Amino acid sequence: MKFLGIDYGEKKIGIAISDERAKFAFPHGVINNTSANLVLNVIKIICDKNNIGKIVIGQSLDFKNQPNPIMKRVEKFKSFLEERLKIPIEYENEILTTKQAEQATKKPRIGARMKSRKKEEKTHTSAAALILQSYLDKQKMIK
């Protein structure tokens, strides 16, 4: 079974997908968060095409383990997906994943300049992969 990782953002939603054995998370892409139905349709296509059995969404908490202001929108998004996709969805703490992803995309390849839009997309999809990988690693420890 494959897993889908989501890094929810007001403008962009990062997507990652695990391998079939659920050992590794790979960045997949970014969805422009312009309408709920558009996002739903894209996620549904990705889930159907990749045989996704579970979705993991980043839980936005601060250093005191309290919800960040965006968390209400994340909760609404999670409920919206659960009702329509009928796929189990769980949270994974996403603390510092965006910062980690920004650091990973900070050094462009030699001789290449990464445009800010492309860099932003890479940050979101990398953050989604970090969220999903953290979840997968915890599941391995439980087994």
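Since every read-out is calculated from the coordinates, none of them should be taken as a lab result. None of these values were measured; they are calculated from a predicted model. We place every Cβ from the backbone using ideal geometry, glycine too, and count neighbours over all the protein chains shown.
The table below gives the values:
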| item | result |
| --- | --- |
| Shape call, segment 14-100: gyration tensor on alpha carbons, a/c limit 1.5 | oblate |
| Distance in nm between pseudo-label sites at SER79 and LYS140 (7 Å out along the Cβ direction from Cα) | 3.6 nm |
| Karplus (6.51, -1.76, 1.60) ³J(HN,Hα), θ = phi - 60°, over segment 37-45, in Hz, Gly and Pro reported as x | 5, 4, 4, 4, 4, 5, 5, 4, 4 |
